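The values are calculated or read from the model by the stated rules, or taken from the named source; none is laboratory data. Every value quoted in this text rests on a predicted model; they were computed, and no experiment measured them. Backbone-built Cβ (ideal geometry, glycine too); neighbour counts: all protein chains shown.
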Amino acid sequence: MKTISHHSALIYVMVLIAASDRVMSEKEMRAIGDLVKHLPVFADFEEHRLVHVSQECASILQEKDGLDAVLGLVKEALPDHLRETAYWLALEIALSDSRVMLEEVRVLELIRRTLGIERLEAAALERGARARYQVA
């Protein structure tokens, strides 16, 4: 199995959740770009590579057992201290278009289990992400 960088792994997680309902919305794509542009974890990532990395992930997802392949690459590439970050990024993308589809919930659970995020940690991250998108 090939290996990927931690930057690619984080981008793969965002692409995976955005593609989980078979429709990558404009809001989701914009959110991925904004997160890559502004988060400290991507400070040393060459932003012009975002499209290539995203397409690479989408290509793997099209293959037989692509979901398992992407999750395996992500798990292998992410150090423990970035696993919660990856789950939070997935939540941000899922919530970015104001609707979380059942498919996205299922993929979030797969990501959570694959990365070994405990339920209590996941609940805290989920609550924080939801609070960010509350409207009056």
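Checked against (1) farther than 27 Å from Arg119 by Cβ; (2) modelled with pLDDT of 95 or more; (3) surrounded by 15 or more Cβ atoms within 10 Å (Cβ to Cβ), Ser25 passes all but a single condition, namely (2). Scanning segment 74-106 for residues that are within 20 Å of Thr3 (Cα to Cα), surrounded by 20 or more Cβ atoms within 10 Å (Cβ to Cβ) and either of a type in the set (Gly, Ala, Ser) or in contact with a Pro (Cβ under 8 Å, 6 or more places away or on another chain) (or both) yields a count of 1. Among the criteria (1) over 19 Å from Met101 (Cβ atoms); (2) out of contact with any Leu (no Cβ under 7 Å at 6 or more places or on another chain); (3) in contact (Cβ under 8 Å) with a residue 60 or more places away in the chain, the one His6 does not fulfil is (2). Look at (1) surrounded by 12 or more Cβ atoms within 10 Å (Cβ to Cβ); (2) modelled with pLDDT under 95 and you find that Val15 fails only one, number (2).
Among helices (runs of 4 or more DSSP H) lying entirely in segment 82-136, which contain 1 or more residues that are in contact with a Ser or Thr (Cβ under 7 Å, 6 or more places away or on another chain) and of a type outside the set (Asp, Glu)?
102-115
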